[in-house]
Structure formats: C-alpha cells, structure tokens
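A short reminder: the numbers here are calculations on the coordinates, not readings from a lab. Quick caveat, the model's predicted, so the values are computed rather than measured. All Cβ positions, glycine included, derive from the backbone under ideal geometry; neighbour counts span all protein chains shown.
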Amino acid sequence: MRVLVVQLSVLVWLGLLGCGNPALELVPTVVLITLDTTRADHLGCYGYARNTSPNLDAFAREAVVYERAIAPATWTLPSHASLFTGKLTASHGAQYDPDGALRLRSAIEGPESWEAYRARTIARTERTLAERLREAGYATGAVVGGVWLKAAFGLDRGFDDYDDDGIGTVNGRLAEDVTDRAVEWLKQTAGPRFLFLNYFDPHSPFEPPDDFAWRFVAPDAPEGGARVIGSYDGEIAYMDHHLGRFFQALRDAGLYDDALIVVTADHGELLGEHGEMGHGRVPYQEVVHIPLIVKMPGPGGPTGRNAEWVQLNDVFPLILQSLGLEVPDDIQGEAPPRTDRPVVVESRTVPPWTREGEWLALIEGETKFLWNRRGRHALFDLSVDPQEQRNLASQNRQSVSSMRRRLERYLASLPPPGAQAAPRALDPETRQALENLGYLE
Ligand SMILES: [Zn+2]
C-alpha cells in the first residue's frame, strides 16, 4: 500500500478552487461500498425474515432504497468496472477474454488449460470514477477484500491509496480488517475525500468467524441446503457488524451527516435455486438482484423506496450528478430517477462452463428475457414468477424474437471498448489466492 502524505493546504486550496470549477463546493466525504456476492433478498431492508443486517437496515432508513437494482454482469471484475465507468461490459471491456492482455499463465506454472484464463482490464481510454473525483479535488482511497479487486486486475486506477494487502486466502480479507483500515485512512487524510470499500465475506466458502458461525444454523446441522444458507447468512451478519463499526466511526468523526454514502453489491449468489450454487453463469435474479442504498449528503436528505429498475452503471452518473460534476454522455448509465436505457446483463461464461456459451439478459417491465449463445433462450414473467420457474419462451415466440432483436441491436450499437491497459505481472500473493479460490485449477 502506498502511503499518502496529505498536504492539507493543497487539499484546501484544491477544494476551494474545485480544480478549475470555482463555483463547485465539494462534498466533504464520499463513500462507495460494495458488499461482494450479497443478494438483496438476504437483507432485512429488502424483506428477509432473518436478522442478517441490522446496521445496514438502520442506514437504509436514512437513505433511498432501490428495490430493483440489477448487476450488469455476473461476477466481480466486470460489475465493478461498470460501477467505475458507467458502462456495460461490452463497452468498458473488463472481462474474461481469450485475447485478454492479463494472461494468468504467463505468471504461473500450469497446464495448457490455464491458457483460457485471460482477462481484459478496463479499457485504457476510460476515465474512472476515482480518476474523475481526484481531478475534481478529492483525495481518493480504497480498501478492498476480494481477490479480483487486487491492483493487478486494474480496478485501482485513480486511487491515491489502494489497500489490497492481506488477500492471500480463499476467504479474501475479513470485514474487521477492511473496516479497521478504512477508519485508519479517514484519520490519516483530510479535506474532501472519496473512499471505496469492498467487503468480501459473503463470497464462498461460507465460513463465518466466531459468533456468527452458528447464528442461523446449528453446529450439528447436516450438510446441505439449510447449512449452506445459514452459513451464507452468517457471513452477511458478520460483515454487517463491521459495516456498523464503519458507520459509527464516520459518526464519531462528525463525517456521517454530510457524507454521500452508496452501498451496493457486484452480484448475488445461487444457493441451490435452479439446482445450482455460485455465480458467473446464468443471470438469474438470485445472481443479479443486488442491494443499492443511497444516502445523500446532509441530514434530512431523501428517504424511502424506489421501485424502478436501476443498474450499477447508473451509480456512476448518480454519484457524479450528486456531486455537481459533469456526467459524460458516452456512457450507458443514467442517473435515476430519469432512466430510459435498456436493463441488460452480460455474462460471458468462464472455463469450465465455456461450452454452454455466454448468457445475456434483457428486462423490460415485468418481462425478463434470457439469451444464450447456444440458443437456450428463456422468457419469464417476474410479476407472477419472480423465481423464474416457468419458461414461457415456447408459447411466446413473438416476444422472444422481438426482445432478442432489441437486445442484439442495442449491444451491437454500443461503442466497443478502447485499447486494453498494459498487463501487469501477478504478485505471488494474488497467484496463491486465485489458486485457493479454484480459478487456476
Ligand atoms: Zn464479486
């Protein structure tokens, strides 16, 4: 981790001038938090019966809860890239790609099959959220917990400080450490600040620490569904506890009320629904329906619930607009409530599932269309079938073909990603973590 020595006078000067925009008064604290792998429907503020998220629920009561937020991708790297660029995967470029510049095998001894593990980072031509906020006069810092957030994968662009230490095990970095480092960073810096946090605990394996391990499942419970779900919920509760400590630290420092705080997730997780576990493949609702909770700066900001479809690529313009910064017009996101763009998910499957072909989804009103490269299309009516159990494709061929046409045309109309950033060598800790996660086997 690079250590930032804050030049207070410089920051104050930058803050006053707004970096070339004298009228702009900078919001003192901007916080963006991703809860990795956290399904909306396993949180109290989204109606879950278990008390997994008391601190997040309290935060949500002082904020706007977006009830229908959709991840534009099904795994960590492309979703975070959408959050940071306002674009869909087709346009920002960060995803698995056989021609990707990031070649894991060039850093690792391994079998031929590992050659498939190549990814692209965010296109070099993009100006990320952190870059834009830094240019506007914010000090930018990040503390991340997940392997794909390690700086080697390129999401660190624009951050003065990017703390990806200690991610060497299958569990990533624990929430306790993320919160501790975040609080430390706030103490070390001054002036207008942008802080990005990635909590990783709900990602598999589900092994919540200490008190949280048996909160929702008995130690002698048999292997299987209830145990898996109870352990996943325990991870969320553990994360929520330390999220609560972070909010309290903001309050204690007098930063909370005036802060813009956005809490969301990069994707969800299948816990046995559709006969499957995990994420990264079919964009079912369990995988793409994520929390999005936004607290505007100042006490007495807007609260309540918003039922429009929103996506992670909408968060980018939402933040820029809320801060009075220019929103670029070449993105696919739109700041709610004025959204009128297609709701799209792209899921380019990774080995060993490459053979089933990539998946796309288009949501229009209550209708969800699943597109598959191998022709396994599906159509669901979410108003009566939110669990996507009844595929209506065969009896609605006209809807299938018209939605398919709109989806393909829209994606084909998007500007392709610019040139890739240069590859970086993976450090031994990142390599070890990826091997532990099973990505390199
Ligand atoms: Zn993730």
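Structure notes:
- Stokes-Einstein diffusion coefficient of the chain, Kirkwood radius over Cα pairs, 20 °C, 1.002 mPa s, in µm²/s: 97 µm²/s
- Here Asp156, Asp385, Asp99 are placed in order of increasing Cβ neighbour count within 10 Å, fewest first, which gives Asp99, Asp385, Asp156.
- Relative contact order, percent, the chain [alpha-carbon distance under 8 Å, six or more residues apart]: 25 percent
- At R0 = 45 Å, FRET efficiency that the Cβ-Cβ distance of Tyr410 and Thr303 yields, to 0.05: 0.85
- Calculated Rg and Dmax of region 206-353 using C-alpha coordinates, Å: 18.7, 56
- Excluding same-chain neighbours fewer than eight residues apart, the lysines reachable from Lys187 by a Cα-Cα span under 24 Å are Lys150, Lys295.
- Here is how the number arises for the chain: DSSP H runs of 4 or more residues each give -39500 (n - 2.57), the sum is divided by the residue count, and the result at 222 nm is -8500 deg cm²/dmol.
- As a rough footprinting exposure proxy, the listed residues Ser79, Ser53, Ser383 were ranked by other beta carbons within 10 Å of their own, and the order from fewest upward is Ser383, Ser53, Ser79.
- Sorted ascending by nearby beta carbons within 10 Å, beginning with the fewest, Met277, Met239 become Met277, Met239.
- Calculated FRET value between Asp329 and Glu25, using beta carbons and R₀ = 30 Å, to 0.05: 0.80
- Restricting the calculation to Cα atoms, every distinct pair contributes to the Kirkwood radius of region 23-87, found to be 14.0 Å.
- Compared with the direct C-alpha span, the chain from Glu356 to Ala49 gains 107.0 nm at full extension, assuming 0.36 nm per residue.
- Residues in region 302-326 reached by a label modelled at Arg127 [backbone nitrogen below 12 Å; 7 Å Cα→Cβ]: 325-326
- Proximal aspartates and glutamates to Lys87, defined as alpha-carbon separation beneath 16 angstrom and excluding residues fewer than eight positions away on the same chain: Glu126, Glu131, Asp266, Asp314, Glu326, Asp329, Asp330, Glu334, Asp340, Glu346
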